[in-house]
Every structure is written in structure tokens, then in C-alpha cells.
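Colleague: Below you'll find the structure I mean.
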Amino acid sequence: MNNYLQAIILYAMKKFQGERSVYAIYHMLQGKKSSQTIQDAHLFGLTNIFGTKPVITRQQLNQNIEQFRTVGFINLTDKTDAYEISDLGDEALAEYLLNNPFPTHLNGWKYQNITPVFWGRLNLLIQTISHIVHNERRFYPIQRNPKIQFFVKEFLHTNRQDRHLIAQHLYEELVSLLEGQGDLKRDIFILKLTGVNRIGLTFEQIAKRKGAEEEYVRFMFLDSLHQLLTELGEGADHPLLASLTYDWKKGGDPHLTQSTQTTLHYLREGRNMGEIAEIRSLKQNTIEDHLVEIVLSDKSFPIADYVSHKDERDIAAAITELGTKKLKAIKQMVDNKQISFFQIRLVLAKMGDQ
């Protein structure tokens, strides 16, 4: 194994068990907001890596797949562009992850969109406070995004207390959170920060300093930020840092696509799928995709209007016995011609990656 990206690709391939093409991995890492990719993230337990490598190219993916084939890490299945991890590949992955552990707090599905904004706000705030308390009023902001700059200005306008006090509280809150992280993650986070007389290092610079692989450093930094966001969402012990995220908690479910949120709005009004499809000038199977996405996001969403309790039990039993996500195989196992692929998808969505 040459680098951490290869480990992530092989990890995803192992999860897919040959049931999806390699391009499903490409869409997963990019964080493509399509119904298929969203469903795959939940059904195959890949919500952690969803959207964690948005700049990956098809060429990168294909080059890595070709390397895996050459060394015997993967085997081609009877499905086009779909591979299964070989015993040799499984052993190589396990050995690699022993020395480069998989991120434990990574949650790309939940934090994909807000992570860069959160980091931008936090880094610029620390840079700004750092310069103010050292009486350096003129500096080049590390963040050029005008929305992030405006947010930090508003933050400082709202928090009018002594700047040295804000700096002290920010420091204490960050130390409290970072103490719960491993040494490498903590060091990477600190080295990325910009303050007075110091610019945050690049991932390449940190990798050289720490003697680590660059892609691994990048994933550990993501893991650090996701751990921070998780802990900030769980308690009220870090009011200053938590206030950097308050505006995201307003409005609809951030994990649903905008189109799916619109469908959910009509469902709550009591509309059925046919009516929603007509109102929105969409195909019924598009509304079905939205419903599956809703159930994936909220396992408590009632599906009894679409699949009976008996059929749900039969489908769930077939899924458990077969150990597959293949719709045709599940339908054949249930042996009920009245059961649709949509109903099977709903039950799969409700079961998640069990």
C-alpha cells in the first residue's frame, strides 16, 4: 500500500462487497448529493468517508484500481467495473491500518458542508484575536472568504467583552476539547492554526515534520475537526466555540437535499406520492428516492403507509438471511410478487447498515 488514499479506496471496496462499481467509490468520496450515493453511504456503512475527498479525479481512482489489480489486492466480479477485495488485499489493508489507524470520529455525511466553514471561522477568529491582544491591528487575513470575514466581525461585535478575556476563554475551551484527542491529531490541529507572527502549515509541511504520509495527515485533521463539531453539539461547556455553529441549526434538516426537503414539506401536509409528483412535475420514482432519503436520515419516519408490517418483517428477514443489499436477490427470497423494489429500499433504509 503506497498511501492513505489507497487504504480509503480499498476500505470502501471491502464495504461494497462487489455490489457497486468502483465509480460508486468515486461519487462517495466526492460527496455527490444523488439519491443513489446517499443511499449507498448509509446502506454500506460509508457515511464516515462521504465527501471527504472532493477533489479526487477519475484518473486517480482508475490508477489505484489498476495497481490493486496488478498486485492481486482485488478480484473482478461479474458486475461491470465492480471488484471484491481479495484475501491478500484484506491482509494488506489490515496491516496498513495497524500503523495508520482509521479515523474514529470521521463523519463526512454529517459534517461535509460545514467543516470548511467552521475551520475558516475558527482560524480567522484566532488570528484576529491574536493580533488584537498583541496590538497588531493590521494583518493579512488568512481567510479571504467575505462571508467568513463578515461572520468574525459580527462575532466580535456581539461579544463586546475585553479582548484579552475572549482570548483566554477561547484558549481554555480549545485546550479542554483538544485534551481528548490523540497526540498526532492535536499536533496537526495546532500546526494548522495561524496567529501573530506565524502562518499555519500546509499538510505537506506537517507530514514532513511529523514523518507521516500527507494524505493521512489530511484525514487526521478532518477527524480532529469532526470530533470538535461532535462534542460542541453535545454540550454547553464551550459557549464561545459552540456559537460558531449556531446558525447551522436553523432551518430544515441539513442532511437532506433541498428537493427532498420540499417533498418532506408536502408529506407533512398530508399529500401522497402521486400528488407530490404532480404538484412538482416530477416522476414518481424521484419522489420514491426522496422518501428513501428521508428514512435514511430519520429511522423513526413511519413507513407503514408504503409497506405493511408483515411485508416489512419478511423483507427484513430476507435481508438478514442473505446478507446482501441486492434488490433482485431480496425480492426473490421474499417470493411475493406484490412487493416492489421501492418497498425493499425503504426497509433497507430503515435497517441502515445493520
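Colleague: Can you pull a Stokes-Einstein diffusion coefficient for the range 135-219 at 25 °C (0.890 mPa s), Rh from Kirkwood over Cα pairs, as a whole number of µm²/s? Don't skip to the answer; put the middle values down first.
Modeller: Working: Rh = 15.1 Å.
For these conditions, the coefficient is 163 µm²/s.
Colleague: While we're looking at this one, here's another question. Could you compute how much accessible surface Thr70 exposes when probed at 1.4 Å, giving the result in Å² to the nearest 10?
Modeller: 110 Å²
Colleague: How large is Rg over Rh for the range 1-119, taking Rg from the Cα atoms and Rh as the Kirkwood inverse mean of 1/r across Cα pairs? Don't skip to the answer; put the middle values down first.
Modeller: Numbers: Rg = 13.8 Å, Rh = 14.5 Å.
Result for the range 1-119 is an Rg/Rh of 0.95.
Colleague: Only helical DSSP H runs with n ≥ 4 go in: add -39500 (n - 2.57) per run for the chain, normalise by residue count and round the 222 nm mean residue ellipticity to 500 deg cm²/dmol. Before the final figure, lay out the partial values.
Modeller: Working: 19 runs with 217 residues, N = 354.
Helix-only estimate at 222 nm: -19000 deg cm²/dmol.
Colleague: Could I ask something else about it? If the elastic network links every pair of Cα atoms under 10 Å, which of Gln17, Gln63, Gln149 fluctuates the most in the Gaussian network model of the chain?
Modeller: Per the Cα network of the chain with a 10 Å cutoff, Gln63 tops the list.
Colleague: Please work out the C-alpha center-to-center distance from the range 142-214 to the range 46-123 and express it in whole Å.
Modeller: Taking the Cα centre of each part, the range 142-214 and the range 46-123 sit 27 Å apart.
Colleague: Solvent-accessible area of His42, probe 1.4 Å, all protein chains present, reported in Å² to the nearest ten, please.
Modeller: 20 Å²
Colleague: Could you state the angle between the C-alpha long axis of helix 341-351 and the longest principal axis of the C-alpha atoms of the chain, as a value from 0 to 90 degrees rounded to the nearest 10?
Modeller: That works out to roughly 40 degrees.
Colleague: Can you compute the charge dipole magnitude of the range 233-354 about its Cα centre, using +1 on each Lys and Arg Cβ and -1 on each Asp and Glu Cβ, nothing else charged? Give it in debye, rounded to the nearest 20.
Modeller: Computed about the Cα centre, the dipole is about 380 debye.
Colleague: Taking amide H positions as placed in the peptide plane 1.01 Å from N, state which residues far from Gly195 in sequence (5 or more) or on other chains have amide H under 5 Å from it.
Modeller: Excluding prolines and chain starts, which carry no amide H, the hits are Gly200.
Colleague: Expressed as a fraction of 2.2 N^0.38 Å, the rule-of-thumb size for a compact globular protein of N residues, what is the C-alpha radius of gyration of the chain? Intermediate values should be presented prior to the final figure.
Modeller: Details: Rg = 23.3 Å, N = 354, 2.2 N^0.38 = 20.5 Å.
Normalised by 2.2 N^0.38 Å, the Cα Rg of the chain equals 1.14.
Colleague: Give the lysines whose C-alpha is closer than 20 Å to that of Lys147, dropping any in the same chain fewer than 8 places away, or say none.
Modeller: Of all the lysines, those that pass the test against Lys147 - Cα under 20 Å, at least 8 places apart if same chain - are Lys249, Lys250.
Colleague: Give me the dipole magnitude in Debye, nearest 20, for the range 1-64 about the Cα centre, with unit charges on the beta carbon: positive for Lys and Arg, negative for Asp and Glu. Working shown, then result.
Modeller: Values: 7 positive and 2 negative charges, 19 e Å.
Roughly 80 debye for the range 1-64.
Colleague: Can you give me the P(r) profile for the range 279-354? Cα pairs, bins 10 angstrom wide beginning at 0, each as a whole percent.
Modeller: So the P(r) values, bin by bin, are 19, 53, 24, 4.
Colleague: Please report the carbon-and-sulfur percent of the accessible area for the chain; probe 1.4 Å, protein heavy atoms only, DNA, RNA and ligands left out.
Modeller: Working: 8840 of 18310 Å².
Carbon and sulfur together cover 48 percent of it.
Colleague: Report relative contact order for the chain in percent, whole number only (criteria: Cα-Cα under 8 Å, sequence separation at least 6).
Modeller: Details: 378 pairs, mean separation 61.0, N = 354.
RCO, the chain: 17 percent.
Colleague: Pairing the Cα long axis of helix 183-192 with the longest principal axis of the chain, what angle in degrees results, from 0 to 90 and rounded to the nearest 10?
Modeller: 60 degrees
Colleague: Next question, about the same structure. Tell me, what is the Rg over Rh of the range 87-160, with Rh the Kirkwood radius over Cα pairs?
Modeller: Values: Rg = 19.5 Å, Rh = 15.5 Å.
With Rh from the inverse mean 1/r over Cα pairs, Rg/Rh is 1.26.
Colleague: What percent of all Cα-Cα pairs in the range 219-337 falls into each 5 Å bin, going from 0 up to the bin containing the maximum distance?
Modeller: Values per bin, smallest distances first: 2, 9, 13, 14, 14, 13, 13, 11, 8, 3, 1, 0.
Colleague: If one computes P(r) from the Cα atoms of the range 22-88, what percent of pairs lie at distances over 13 Å? Don't skip to the end; give the middle numbers.
Modeller: Working: 1452 of 2211 pairs.
Value for the range 22-88: 66 percent of Cα pairs lie more than 13 Å apart.
Colleague: Ser308's amide H: which non-local residues (gap 5+, or another chain) put their own amide H closer than 5 Å, with H modeled 1.01 Å from N in plane and none for Pro or chain starts?
Modeller: It is none; the list stays empty.
Colleague: At 1.4 Å probe radius, can you tell me the per residue accessible area of the range 239-354 in Å²?
Modeller: Details: 6560 Å² over 116 residues.
I get 57 Å² per residue for this part.
Colleague: Keeping all protein chains in the complex and leaving out DNA, RNA and ligands, what accessible area do you get for Asp289 with a 1.4 Å probe, in Å² to the nearest 10?
Modeller: Result for Asp289: roughly 40 Å² accessible.
Colleague: What list of ³J(HN,Hα) couplings, whole Hz, do you get for the range 271-278 from phi and the Karplus terms 6.51, -1.76, 1.60, once you set θ to phi - 60° and write x for glycine and proline?
Modeller: Ordered by residue, 3J(HN,Hα) equals 7, 8, 4, x, 5, 5, 4, 5 Hz.
Colleague: Okay, next question. Using heavy-atom solvent-accessible surface (probe 1.4 Å) with all chains present, what is the largest-first order of Lys283, Lys79?
Modeller: If we order Lys283, Lys79 from most to least accessible, we get Lys283, Lys79.
The values are calculated or read from the model by the stated rules, or taken from the named source; none is laboratory data. All values reported here derive from a predicted model rather than from experimental measurement. Note: ideal-geometry Cβ built from the backbone for every residue, glycine included; neighbour counts use all protein chains shown. Surface areas here come from the heavy atoms of the whole protein model, side chains and all, with no ligands, DNA or RNA. Shrake-Rupley method; radii C 1.70, N 1.55, O 1.52, S 1.80 Å.
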